[in-house]
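For reference, the structure is listed below as structure tokens.
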Ligand SMILES: [Cu+2]
């Protein structure tokens, strides 16, 4: 079984969400970008950010109810009704994806450091669950439907002050194409063996072997 944050349940009262419970959850939502000061990640010290590598700073959150409205069931239904992977990706990444990052705010808005907030994983497993629900609507076709860029656009790089990556990153697996295919290698940073996109298309497959209930 995989854990996730069903964000749609909390759109009416984000800061009252069970995920922010200091005793049974991930600590309070925080205010004005101050350090998370209760719960299991109190004063958690972080080092890598989007802006300065190896700085010393703390885990922060700064909730934004307006942005979190992207997680509504209506928005999810709109995405679930798309036909192709490309359409589904664009839809899910715009509303439900942005909702979690911008709704929690703080560290979750840092495009490099956001996985430093453990809530990142509950947010992304929720997106994974929504993608699986989309796949289930036409499983025969959608277990192999893939597409989209696998390198960032120039405008995204510029917006985040990133330089364009060199071939050591773009061609690390000998695949310099910028369209994602089932054969594209997912680099696992040495934590586990690399896999391909095709290896993770089926939630019930050998590599992921999970279910959302
Ligand atoms: Cu994300």
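The table that follows gives values for the structure above.
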| quantity | calculated |
| --- | --- |
| Segment 20-39, residues that are over 14 Å from residue 120 (Cβ atoms) and in contact (Cβ under 8 Å) with a residue 60 or more places away in the chain | 29, 30, 33 |
| Test result for residue 33, touching a strand residue (DSSP E or B) at 6+ places or on another chain (Cβ under 8 Å) and either more than 14 Å from the ligand (Cβ to nearest atom) or part of a loop (DSSP other than H, G, I, E, B) (or both) | yes |
| Test result for residue 140, more than 16 Å from the ligand (Cβ to nearest atom), farther than 30 Å from residue 42 by Cα and in a loop (DSSP other than H, G, I, E, B) | no |
| Number of positions in segment 92-108 that are over 14 Å from the mean Cα position of the chain (by Cα) and closer than 15 Å to residue 129 by Cα | 0 |
| In segment 53-72, residue modelled with the lowest pLDDT [restricted to those that are assigned to a loop (DSSP other than H, G, I, E, B) and in contact with a strand residue (DSSP E or B) (Cβ under 9 Å, 6 or more places away or on another chain)] | 55 |
| Unique match (being at pLDDT below 90, part of a loop (DSSP other than H, G, I, E, B) and not assigned by TED's automatic domain parsing to the domain that holds residue 50) among 177, 193 | 177 |
| Some residue of segment 42-52 being assigned to a helix (DSSP H, G or I), outside the structural domain of residue 202 (by TED's automatic domain parsing) and more than 16 Å from the ligand (Cβ to nearest atom) | no |
| The one condition in (1) touching a strand residue (DSSP E or B) at 6+ places or on another chain (Cβ under 9 Å); (2) away from the ligand (no atom under 13 Å from the Cβ) that residue 113 fails to fulfil | (2) |
| Within segment 86-107, tally of residues that are in contact with a helix residue (DSSP H, G or I) (Cβ under 7 Å, 6 or more places away or on another chain) and modelled with pLDDT of 95 or more | 12 |
| The one condition in (1) surrounded by 13 or more Cβ atoms within 10 Å (Cβ to Cβ); (2) more than 20 Å from the chain's Cα centre (by Cα) that residue 13 fails to fulfil | (1) |
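Residues checked against (1) within 11 Å of the ligand (Cβ to nearest atom); (2) in contact (Cβ under 8 Å) with a residue 24 or more places away in the chain; (3) buried (at least 19 other Cβ atoms within 10 Å of the Cβ):
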{"residue": "104", "(1), (2), (3)": "yes, yes, yes"}
{"residue": "108", "(1), (2), (3)": "yes, yes, yes"}
{"residue": "118", "(1), (2), (3)": "no, yes, no"}
{"residue": "126", "(1), (2), (3)": "yes, yes, yes"}
{"residue": "155", "(1), (2), (3)": "no, no, no"}
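Condition check ((1) modelled with pLDDT under 95; (2) in contact with a strand residue (DSSP E or B) (Cβ under 9 Å, 6 or more places away or on another chain); (3) outside any loop (DSSP other than H, G, I, E, B)) across all residues:
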residue: 125; (1), (2), (3): no, no, yes
residue: 131; (1), (2), (3): no, no, yes
residue: 168; (1), (2), (3): yes, no, yes
residue: 204; (1), (2), (3): no, no, no
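The values are calculated or read from the model by the stated rules, or taken from the named source; none is laboratory data. Bear in mind the structure is a predicted one, so any value in this text is a computation, not a measurement. In this analysis, Cβ positions are derived from the backbone assuming ideal geometry, glycine residues included, and neighbour counts consider all displayed protein chains.
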